[in-house]
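Report on one structure; see the data block that follows.
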Amino acid sequence: MANIGIIRCEKNEERCPLTSCLKSMKETTEGFSSYQNAELVGVFTCRCPGNSLVNMAKILKSKGADTLHFCTCTFAHREDGKWVAGGGYCDHVDALLQRLSKEADIPCAKGTAHLPEGYKVEVFKEK
Ligand code: SF4
């Protein structure tokens, strides 16, 4: 059983209620396809420029999360009904994931629902 924490971006907070992310997690598809079962531990909204993320990650970890997932919309955008890598809400998402996985000592996965075609989920595990 994977215990998941989800981090979403404030720029999409008032438009997207995470429906696809939660569905993909429940069905272990898309960004969650490497798990047999997955349970949601909690969700936080990142606020620019991401300075409170480490603290959020530590809280999710203290609640039992063993992996954090950053929403697909942070690094991909929709074009003609398809999700395409690049042009997401966050221009420094990789740096955030690297820092987070190191400072909170928890694996951080880049991707949740509707992954871009051919994209393989990157998991940051900086030591
Ligand atoms: S730092 Fe990135 S993910 Fe966080 S709110 Fe800003 S743009 Fe969104």
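Taking the range 79-127 as the range and being surrounded by fewer than 16 Cβ atoms within 10 Å (Cβ to Cβ), within 27 Å of Lys26 (Cβ to Cβ) and basic (Lys, Arg) as the test, the residues that pass are Lys82, Lys120, Lys125.
Of all positions in the range 79-97, none carries a residue that is in contact with a helix residue (DSSP H, G or I) (Cβ under 9 Å, 6 or more places away or on another chain), within 16 Å of Leu40 (Cβ to Cβ) and hydroxyl-bearing (Ser, Thr, Tyr). The single residue among Arg8, Arg15 that is within 16 Å of the ligand (Cβ to nearest atom), in contact with a Phe, Trp or Tyr (Cβ under 8 Å, 6 or more places away or on another chain), over 24 Å from Lys127 (Cβ atoms) and not in a helix (DSSP H, G or I) turns out to be Arg8.
Selection of first residues in the range 39-57 that are acidic (Asp, Glu) and of second residues that are more than 9 Å from the ligand (Cβ to nearest atom) and open to solvent by 80 Å² or more (accessible area, probe 1.4 Å), restricted to Cβ pairs under 8 Å at least 6 apart or on distinct chains, gives the following pairs, ordered by first then second residue: Glu39/Met1. Of Ser52, Ser62, all but one fail to be closer than 22 Å to His92 by Cα and hydroxyl-bearing (Ser, Thr, Tyr); the exception is Ser52. Any residue that is in contact with a Pro (Cβ under 8 Å, 6 or more places away or on another chain) and either in a loop (DSSP other than H, G, I, E, B) or open to solvent by less than 80 Å² (accessible area, probe 1.4 Å) (or both) - is there at least one of those in the range 48-67? Looking for residues that are in contact with a Pro (Cβ under 8 Å, 6 or more places away or on another chain) and either in a loop (DSSP other than H, G, I, E, B) or open to solvent by less than 80 Å² (accessible area, probe 1.4 Å) (or both), one finds at least one in the range 48-67, hence yes. Within the range 85-127, the residues that satisfy the criterion of being part of a helix (DSSP H, G or I) and within 13 Å of the ligand (Cβ to nearest atom) are Val93, Asp94, Ala95, Leu96, Leu97, Arg99, Leu100.
Just one of the listed residues (Met1, Met25) is modelled with pLDDT under 95 and among the aliphatic types (A, V, I, L, M), and it is Met1.
The set of residues from the range 35-68 being more than 16 Å from the ligand (Cβ to nearest atom) and either small (Gly, Ala, Ser) or under 19 Å from Glu122 (Cβ atoms) (or both) comprises Tyr35, Ala38, Gly42, Ser62, Gly64, Ala65, Asp66, Thr67.
The values are calculated or read from the model by the stated rules, or taken from the named source; none is laboratory data. Just so we're clear, the structure is a prediction, and the values are computed from it rather than from any experiment. Positions of Cβ are backbone-derived with ideal geometry, glycine not excepted, and every protein chain shown enters the neighbour counts. Note: areas computed on protein heavy atoms with side chains; ligands, DNA, RNA excluded. Shrake-Rupley method; radii C 1.70, N 1.55, O 1.52, S 1.80 Å.
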